[in-house]
Structure formats: C-alpha cells, structure tokens
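The values are calculated or read from the model by the stated rules, or taken from the named source; none is laboratory data. Being a predicted model, the structure only gives us computed values, none of them experimental. Don't worry about glycine lacking a Cβ; one is built from the backbone with ideal geometry, like all the others, and counts go over all protein chains shown. Note: areas computed on protein heavy atoms with side chains; ligands, DNA, RNA excluded. Shrake-Rupley method; radii C 1.70, N 1.55, O 1.52, S 1.80 Å.
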Amino acid sequence: MSKTQAGPYQDDLSEPVGAFAWLKALGPRGRRAFGGAFGGYALDSYDYFTLPLGMVAISAYFQLDHGQTGLLTTVTLVVSAVGGALAGILADRIGRVRALMITVTTYAVFTVACGFAPNYETLVVFRALQGLGFGGEWAVGAILVAEYATAKHRGRTLGAVQSAWAVGWALAVIVYTLVFAFLDEDVAWRVLFWTGALPALLVIYVRRHVSDAPAAAAQRAASEGRGSFSAIFGKALLHTTLFATLLSTGVQGGYYTLATWLPTYLKTERGLTVIGTGGYLAFLISGAFLGYLTGGYLTDRIGRKRNIVLFAVLSSISILAYTQLPAGQNGLLLVLGFPLGFCMSAIFSGFGSFLSELYPTAVRGTGQGFTYNSGRAVGAFLPTLVGFLSDSWGVGGALALGAVGYGLAVVALIGLPETRGRELW
C-alpha cells in the first residue's frame, strides 16, 4: 500500500480493519495524541458548563437580570475568538502539543478564578480570560489528531474527538447535581468553578506522552509563512475563510443558544429541581454522545457538506419541538431530549476534518482556529439576544431563535467545496 493511500501522517502504514479501524490506523503515537486531545476537549467542555449549570444561582447571588446573565456567556465566546486565533498561530509556529498545553492551562486557571469573583464585574473579566483558553483548545487538539488520521477515517476519528464534549458535559452535570444537593447555592456555584482545576492533571500527561505528527511537523517547519494570519485572508484563501466563518457562526449560534439557556429553561419554566434538571440533561447528553459518533461515521460515508445539511434541518425541527411543548408535557420533553442532543451534536462531527482539509499545513492552525472561534464569537450574540427577549417572549419562546443559526449554516455551504477523501496538503 502506498503512503498516499494510507495517509501522510500516520505511524503504521498497514490497513487496519474492524469497528475500531479508525483508532488502529492512528498508530501508537497517534493514539496517545487522540487521548490528549480527547481529554483536553472533555475538560474544556466541563469548564464551559460550570457557568450554564450555575447560572440560576449566580444570577440570584449577584441579582442579575437575564441580559446580564446572557452577557457572561457572550463575553466568554467572543473572547474565545481571540484565543482561538492566537492558539492557531501558536500551533503553526511552536507546534500543536505545546499550544495545546498552553490553552488547557489557561482555561483551567481562570475557571478556578471565577469561583473567587467578589462581584459581577470581576466574574465577567475572569470568564472572558477563561475564553482565551477555551477558544483555542478544540482547534489545536483537532489538528493534532487530524494530522495522524488517514483520509479514509478522518471524519470518524475527529467525530470521536468531538464526542469528548458530551463526556465533559456529563461530568459537569454529575458534579453540579452533587454539589448543589449538599451545599447552599451561594457557595455551591463557587465550588463548581473550583473543580475546574482538573485539567492540570491532563497537562502532565500531554507533556510526557504526546508529540506532534512527525511528517506534518517536518512539512510545517520547512514551509514559509507558517502561522501567518495574513495568509488566510490572502487571495488564495480569503473565500474559504469567509464562508467557513459563516458556517461556524450558524452552527455554533444555534448550539450555544440552547446550551446556555436550557438549564435555566428547565428550572424556571418547567419547574424542575436540581436533580430533575440533571435527569433531563442526561437524556440530552446521551443523545449528544451518540450523535457525535454517528455524525463522524456519516461524514465519511456521505460527505462533509451533506452531513451538515442533514443535521441542520433536523436540529431546527428538534429545537422547535422541544421548546414549544405546552405546559404539563414534561414526560414528552424528557423523551425529546435524546433526538435534540443527537442532532445538535452530529452536525459538529465533520467540523474537525472539514476545516483541517480546507487549509494547508503551514496555516492549518491559524485558519481553523480563526474560522471556528470567530464563528463562535459572532454566534454568541444569540444567547445574549435570548436573554433580553426572554423577558417578553419567555425563555422557551426566545430559544426558538437557535433554529435561525442552522439556516445560516446551510447557506454558507454554497461557498465551500466537498473535501471527503482529501489528503492534507
């Protein structure tokens, strides 16, 4: 088998078979990189969800209105655009692994700092700084693994990395349920933030066991203009950058609208307790985990673009069905959480492979870091808009705006090529 057929950056050029062929194809070093990226993204998710889960308690503690509460999420996501762009440039200039350690350390330190915030203004600042690390981790980790993966299995491999988000979300819900069950809310939200120190353990593992894909690192070192921000806005890549950013804006605007406000919606409009909210979120998260894995499989089978279109439509339908149920239908609400989580997660599974394949090695980190996180920053204004509109529309009514984002994503695909089967270049 030729090197091109097997993929340019893997350790073992033999063709593996079986359900976990994608994992075997990574080789020993690739599997260690997968472990580091998976753990980093899971803990990135964990640290992110400490805010939405503690939002009701934080709002009560600082006496915030919905607009101020939504701003906490928006500032995190807006600053994540800066963090993502910087991390992408660092990944191209100093390497994927070193950039990964910097991003993980950053989001861990400032998540813990949020627990010590004496007032709302300080919390906003700490949450913004947390966004610097939060924004960079996914792009860096996804590229690290993409450069070990074969073209044949890249969608499934990166879909598996994306599934770490559901794992971190689930862990956050478990810790939230325990902490808020045993502690007064005025203290519980602080303790929840303090548990965000967990990623420090991952940094030790990454430092000792994970390395960049050798062939990709050599190619990057030999390239001129690596980590050049101006390159992704140059004539050759400007079109790609603009449409990839628009795609990311639509998908993430829809996702973060729901992720931010769903716990509040379940507690304030559905009247669920802390334990009841955790139970409903369990259905959503279970669907999300399977959605990531299924979407990763489909993005290799039917293509990157078709997978996004399919789940953009299904996500819009699911959001409207979930948020517009009449009062007293909480049993159906529980059941609908599974397909909602499934569809909203499956659409992300192709992002890691798609964005990696759109940019050359020299600026892959810069391009992916900017487009993914700039889209997240622009899309982040939807959660704030929901916060302001919820006073008149209700949280459930305002959440329906999330469906608009998915329509925008479908439009963006018109300007992007299909990359299924493309070798990294």
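Worth a mention:
- Residues of the range 57-110 satisfying the condition of being among the aromatic types (Phe, Trp, Tyr), open to solvent by 50 Å² or more (accessible area, probe 1.4 Å) and closer than 13 Å to Leu129 by Cβ: Phe110
- Tally of residues being crowded, with 24+ Cβ neighbours inside 10 Å and of a type in the set (Val, Ile, Thr) across the range 116-149: 3
- The lone exception for Lys152 - which of (1) farther than 19 Å from Val97 by Cβ; (2) buried (at least 16 other Cβ atoms within 10 Å of the Cβ); (3) at pLDDT 90 or above; (4) not small (Gly, Ala, Ser) it fails: (3)
- Unique match (being closer than 26 Å to Val145 by Cβ and modelled with pLDDT under 85) among Arg220, Arg207: Arg220
- Out of Leu178, Leu192, one residue alone is touching a helix residue (DSSP H, G or I) at 6+ places or on another chain (Cβ under 6 Å), modelled with pLDDT of 90 or more and among the aliphatic types (A, V, I, L, M). It is Leu192.
- Residue-level analysis places Phe110 outside the set of residues that are of a type in the set (Phe, Trp, Tyr), at pLDDT below 85, touching a helix residue (DSSP H, G or I) at 6+ places or on another chain (Cβ under 9 Å) and part of a helix (DSSP H, G or I).
- Members of the range 343-374 found to be assigned to a loop (DSSP other than H, G, I, E, B) and farther than 16 Å from Ala236 by Cβ, listed by number: Ile347, Phe348, Ser349, Gly350
- Between Leu293, Leu320, Leu340, Leu332, the distinction of being assigned to a helix (DSSP H, G or I) and buried (at least 24 other Cβ atoms within 10 Å of the Cβ) belongs to Leu340 only.
- Selection within the range 156-173 - of a type in the set (Val, Ile, Thr) and open to solvent by less than 30 Å² (accessible area, probe 1.4 Å): Thr157, Val161, Val173
- Scope the range 174-213; condition out of contact with any Ser or Thr (no Cβ under 9 Å at 6 or more places or on another chain), open to solvent by less than 60 Å² (accessible area, probe 1.4 Å) and within 21 Å of Gly35 (Cβ to Cβ); matching residues: Leu202, Val206, Val210, Ser211, Asp212, Ala213
- Gly27 vs. criteria small (Gly, Ala, Ser), within 17 Å of Leu158 (Cα to Cα) and either out of contact with any strand residue (DSSP E or B) (no Cβ under 8 Å at 6 or more places or on another chain) or at pLDDT below 85 (or both): yes
- Only helices (runs of 4 or more DSSP H) whose full extent lies in the range 154-221 are considered here, and the ones with at least 1 residues that are under 22 Å from the mean Cα position of the chain (by Cα), farther than 25 Å from Leu284 by Cα and among the charged types (D, E, K, R) are 154-162.
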